[in-house]
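Student: My questions will all concern the structure given below.
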Amino acid sequence: MVSSITDVPGIRVGHAQRTDPGWLTGVTVVLPPPGTVGSVDVRGGGPGTHETDALDPTTLVPTVDAVVLTGGSAYGLATAQGVQRWCEEQGKGFPVPGGVVPIVPAAAIFDLGRGGEFGNRPDAGMGYAAVVAAAAEKDRHDVDRGNVGGGTGAVLAQGKYKGGTGTASVRLDGNNTGIVIGAIAVVNAVGSPIGSSPLEADGAGTGGSLNTTLVVVATNAVLDPAQCKRTATAAHAGLARSLNPVHTLADGDTIFTLATGERALSGDGAAVVQSVMQLQAAAADAVELAVRDAVEHAEAVNNGVIDLPRWPG
């Protein structure tokens with residue numbers, strides 16, 4: 001199996017997308033095991049997000065039931081409603097009198113109109129389909145990559161090339177052997193892969209300059225919400241090592257971190273701090289690899305509206 005976020009035991013991924021006439025968009029759902037702790041760090045100047053405030057380490061609920069990476073800009077955040085509906089049907093969520101409230105944060109890329117029709121964007125039904133697809137997968141399953149899920153309508157380099165969805169994982173060694181850090185990235189960046197030319201003032205291509213790169217980092221380590229937050233922050237270094245520029249006013253770059261709590265990090269006191277730092281460095285590595293994987297697996301799309309080549313590197 002190719003390295004992916006599902007190397008973290010218990011993590012499952014599902015995609016749903018539409019590419020028929022008028023459409024070029026989709027949604028990706030990351031479905032963690034019960035009790036998974038999470039947080040988020042939003043660095044882009046144009047984010048489209050849902051329930052990210054609930055992931056602040058100072059808030060009531062530390063756990064996350066699913067994470068949604070969607071197309072459709074702010075409209076596409078409706079996909080989280082479909083994921084919440086599925087979670088409620090399964091009894092997944094924060095217990096309250098009379099039922100549960102699923103914690104389903106989401107973030108969106110801008111891909112409006114890339115299939116030809118501005119009004120064709122992911123909805124609650126597509127979110128439901130993506131989480132059903134995730135739930136149907138076996139543990140440690142292969143993950144589809146390229147122009148699937150949230151990366152279906154993604155572009156790169158001011159819209160000159162196709163973006164997409166990629167995934168990778170990194171394993172710790174030494175005293176932390178057995179700890180895995182995986183990432184899945186939806187790369188829809190204003191910038192270009194590192195090593196290319198910087199932005200040109202008049203260089204926008206077919207896809208326009210409204211973009212965003214979205215990432216979920218997952219690990220089987222035991223982390224509290226504050227450590228998840230700091231890991232999401234550290235993981236943004238992986239974006240900076242793979243895309244130029246990042247965190248622009250026209251990007252909504254967002255990284256979620258999930259910790260399933262299967263294995264404790266080695267040490268206590270100063271020693272465990274070293275272990276956390278090792279994990280956070282690996283998280284940045286996993287993000288860099290996932291972004292490069294997305295670029296590598298993106299395909300040229302010609303649906304009569306958008307006709308872009310894949311990145312030549």
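Student: I'd like the full set of residues that are over 19 Å from G150 (Cα atoms), in contact with a Leu (Cβ under 7 Å, 6 or more places away or on another chain) and part of a strand (DSSP E or B), limited to region 235-262.
Tutor: A259
Student: Scan region 24-49 for residues that are buried (at least 21 other Cβ atoms within 10 Å of the Cβ) and of a type outside the set (V, I, T) and report the count.
Tutor: The number of residues fulfilling the criteria is 9.
Student: Output the residues belonging to region 1-30 that are in contact with a Gly (Cβ under 7 Å, 6 or more places away or on another chain), more than 20 Å from A189 (Cβ to Cβ), among the hydrophobic types (A, V, I, L, M, F, W, C) and not in a loop (DSSP other than H, G, I, E, B).
Tutor: Selection gives A16, V29.
Student: Just one of the numbered conditions (1) surrounded by fewer than 23 Cβ atoms within 10 Å (Cβ to Cβ); (2) closer than 13 Å to T25 by Cβ; (3) within 16 Å of the chain's Cα centre (by Cα) is not true of G72; which one?
Tutor: That leaves (1) as the condition not met.
Conditions tested, residue by residue: (1) under 20 Å from V30 (Cα atoms); (2) buried (at least 20 other Cβ atoms within 10 Å of the Cβ).
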{"residue": "A221", "(1), (2)": "yes, yes"}
{"residue": "H236", "(1), (2)": "yes, yes"}
{"residue": "P245", "(1), (2)": "no, no"}
{"residue": "T254", "(1), (2)": "yes, yes"}
{"residue": "D268", "(1), (2)": "no, no"}
{"residue": "V272", "(1), (2)": "no, no"}
{"residue": "L289", "(1), (2)": "yes, yes"}
{"residue": "V301", "(1), (2)": "no, yes"}
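Student: So, one more: Does G45 satisfy the condition of being small (G, A, S), at pLDDT below 95 and touching a Leu at 6+ places or on another chain (Cβ under 7 Å)?
Tutor: Taking the combined requirement at face value, the residue satisfies it.
Student: Sticking with this one: Taking region 119-148 as the search range and keeping residues that are under 17 Å from the mean Cα position of the chain (by Cα) and β-branched (V, I, T), which one is surrounded by the fewest Cβ atoms within 10 Å (Cβ to Cβ)?
Tutor: Selected residue: V148.
Student: Follow-up. Scan region 62-73 and give yes if some residue there is among the acidic types (D, E), in a strand (DSSP E or B) and at negative phi, otherwise no.
Tutor: No, region 62-73 contains no residue that is among the acidic types (D, E), in a strand (DSSP E or B) and at negative phi.
Student: Only residues that are in a loop (DSSP other than H, G, I, E, B) and either over 18 Å from D20 (Cβ atoms) or of a type in the set (S, T, N, Q) (or both): list them for region 119-143, please.
Tutor: N120, A136, E137, K138, D139, R140, H141, D142, V143 - these are the residues of region 119-143 that are in a loop (DSSP other than H, G, I, E, B) and either over 18 Å from D20 (Cβ atoms) or of a type in the set (S, T, N, Q) (or both).
Student: Okay, next question. Do you know which residues across region 106-118 are touching a strand residue (DSSP E or B) at 6+ places or on another chain (Cβ under 9 Å), surrounded by fewer than 24 Cβ atoms within 10 Å (Cβ to Cβ) and not in a strand (DSSP E or B)?
Tutor: Matches in region 106-118: L112, E117.
Student: A further question follows. Against the definition (closer than 18 Å to G153 by Cβ and not aliphatic (A, V, I, L, M)), how does G26 come out, yes or no?
Tutor: yes
Student: Only one residue in R263, R241 is modelled with pLDDT of 95 or more, touching an Asp or Glu at 6+ places or on another chain (Cβ under 9 Å) and charged (D, E, K, R), so which one is that?
Tutor: The conditions single out R241.
The values are calculated or read from the model by the stated rules, or taken from the named source; none is laboratory data. Please read these numbers as outputs of a predicted model, since none were measured by experiment. Neighbour counts are summed over all protein chains in view; Cβ atoms, including those assigned to glycine, are modelled from backbone coordinates with ideal geometry.
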